[in-house]
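*Asks:* Take this structure, written in structure tokens, and hold onto it; I'll ask about it next.
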DNA sequence: GTTGCTACTGTACGATCGATCAATTACTCT
DNA sequence: AGAGTAATTGATCGATCGTACAGTAGCAAC
């Protein structure tokens, strides 16, 4: 009996603290193993707790994934937004900052892409995940809408429909992000950024007539029309 | 003994025929169950054969998935290409056909999106899948490059770098496709098509200076430059 | 020191997974 | 008709999965 000191076998934590630790462990597992990482055994091992603790703090596995989705999405969005919404820059340059932040190595991490694939694949089957996706994607669009709105207010761009424009720009960004994550050798982030810059410049010059608020064309582009080199 | 007729318990098929049947069954399972559908038991049940037959015709499960990926990707690409490359239309209208084919209900099927997510999630871990992705994505880009090249040859657009333009356009298309598949209620396919049309029109008018072949700008858009409403 | 609350542990259970392989059998060839 | 070939079967293996739950133990209150 060299010591009577009692060594605790485990540590009791506040539910909020433990939940956050479990979310962190979940993210690590998702990055490392992708779909195979979504396992209570792997996650609890990564968090250094027993298997049963997850179901003590979360209703089920998908609840844990949903909270991880929301945490990660809001964290990344906040990081990008902090870099973009710097009042020291003009609205146009804030968009440039947004682009460069969107294609930073930290965001283009292939592991991060696989995490997103897991979330996306659960959208169809889990109402919880679907709700988180809807919410976070809406916030993402709002940030873009805000930046584009500041562009119009500064007079750098003619008035256009903010929402469709934000949707289109986010589609362009997402598409580049997907392709860069899947095929990093085909092209470079700087090329993606360049196209995004040109896209905004074209928008500022009224290059997207259907997005302008001047008038609403009755019909979309059709193969039967002969608008071969039409101005829109 | 009412009948001496022998009723076969199963049917023997040519390896090529059986492989095709297994690929078809795999696609059905992937559409219906997503990731959960990637199971030799589910697939063999859908094909009406025993569990062991898959490993008789395919080296492993990922081999079967890879062949399914290639078959589906080439099938869809061929379908879209047939609608686009109609010589009765002008090069510009062929692109319009390509856009409308890309956002047809058959392609926007949410189940089809989940199938793609399964393929994409295996790109990182399986060399076979990665090879198929690289090959089919290259062919997809080639079709776009060809259509854009015809646009230049017809004089409808100034000379520009075909490859980066095709990459950018495919990113825009993919991004819309992802967003439409995940959030069908946020916007409509016709809006996506309209933006694509405007994008090509802007391209024809030289709205993407960095894609033109006239000269190569030394520097990309930077936050430090004051090109707020620059012409590119 | 004792009590009470509850965060926490870890075994157990039934289901499903990919892969293997010896046995079976449909079909062709002679 | 009989033999040979190989496509097909299905039991079986070890591993892993999510969830449940009865029991353990940290820690605060008194």
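The values are calculated or read from the model by the stated rules, or taken from the named source; none is laboratory data. Since we're looking at a predicted model, the values are computed, not measured. With ideal geometry, Cβ positions are generated from the backbone for all residues, glycine too; neighbour counts draw on all protein chains shown.
*Asks:* Every residue in segment B:17-38 that is exposed (fewer than 15 other Cβ atoms within 10 Å of the Cβ) and either near DNA strand C (Cβ under 9 Å from one of its atoms) or modelled with pLDDT under 95 (or both), please.
*Replies:* Of everything in segment B:17-38, just one residue is exposed (fewer than 15 other Cβ atoms within 10 Å of the Cβ) and either near DNA strand C (Cβ under 9 Å from one of its atoms) or modelled with pLDDT under 95 (or both), namely B:36.
*Asks:* Scan segment A:105-112 and tell me whether some residue there is under 14 Å from the mean Cα position of the chain (by Cα) and buried (at least 19 other Cβ atoms within 10 Å of the Cβ).
*Replies:* Within segment A:105-112 (the criterion being under 14 Å from the mean Cα position of the chain (by Cα) and buried (at least 19 other Cβ atoms within 10 Å of the Cβ)), the answer is no, since none of the residues qualifies.
*Asks:* Moving on to the next point. Consider segment A:131-163. How many of its residues are closer than 23 Å to residue B:120 by Cα and within 9 Å of another protein chain (Cβ to nearest Cβ)?
*Replies:* 3
*Asks:* If residue B:88 satisfies all but one of (1) more than 14 Å from DNA strand C (Cβ to nearest atom); (2) more than 14 Å from chain A (Cβ to nearest Cβ); (3) modelled with pLDDT of 95 or more, what's the number of the condition it fails?
*Replies:* Result: residue B:88 fails condition (2) only.
*Asks:* If you go through segment B:6-26 one residue at a time, do you hit one that is near DNA strand D (Cβ under 9 Å from one of its atoms), in contact (Cβ under 8 Å) with a residue 24 or more places away in the chain and over 21 Å from residue B:71 (Cα atoms)?
*Replies:* yes
*Asks:* Being closer than 24 Å to residue A:211 by Cα, more than 13 Å from the chain's Cα centre (by Cα) and either surrounded by fewer than 16 Cβ atoms within 10 Å (Cβ to Cβ) or more than 12 Å from chain B (Cβ to nearest Cβ) (or both), is that true of even one residue in segment A:91-99?
*Replies:* no
*Asks:* So, one more: Answer yes or no as to whether residue B:170 is modelled with pLDDT of 95 or more and surrounded by fewer than 19 Cβ atoms within 10 Å (Cβ to Cβ). Spell out how you get there, then give the answer.
*Replies:* Working: modelled with pLDDT of 95 or more: yes; surrounded by fewer than 19 Cβ atoms within 10 Å (Cβ to Cβ): no.
In short, no.
*Asks:* Anything in segment B:36-71 that is assigned to a helix (DSSP H, G or I), within 14 Å of another protein chain (Cβ to nearest Cβ) and away from DNA strand D (no atom under 12 Å from the Cβ)? List them, or say none.
*Replies:* B:37, B:61, B:62, B:65, B:69, listed by residue number.
*Asks:* Is it fair to say residue B:194 is more than 7 Å from every other protein chain (Cβ to nearest Cβ), buried (at least 21 other Cβ atoms within 10 Å of the Cβ) and in contact with a helix residue (DSSP H, G or I) (Cβ under 6 Å, 6 or more places away or on another chain)?
*Replies:* Considered against the rule, which asks whether it is more than 7 Å from every other protein chain (Cβ to nearest Cβ), buried (at least 21 other Cβ atoms within 10 Å of the Cβ) and in contact with a helix residue (DSSP H, G or I) (Cβ under 6 Å, 6 or more places away or on another chain), residue B:194 comes out as no.
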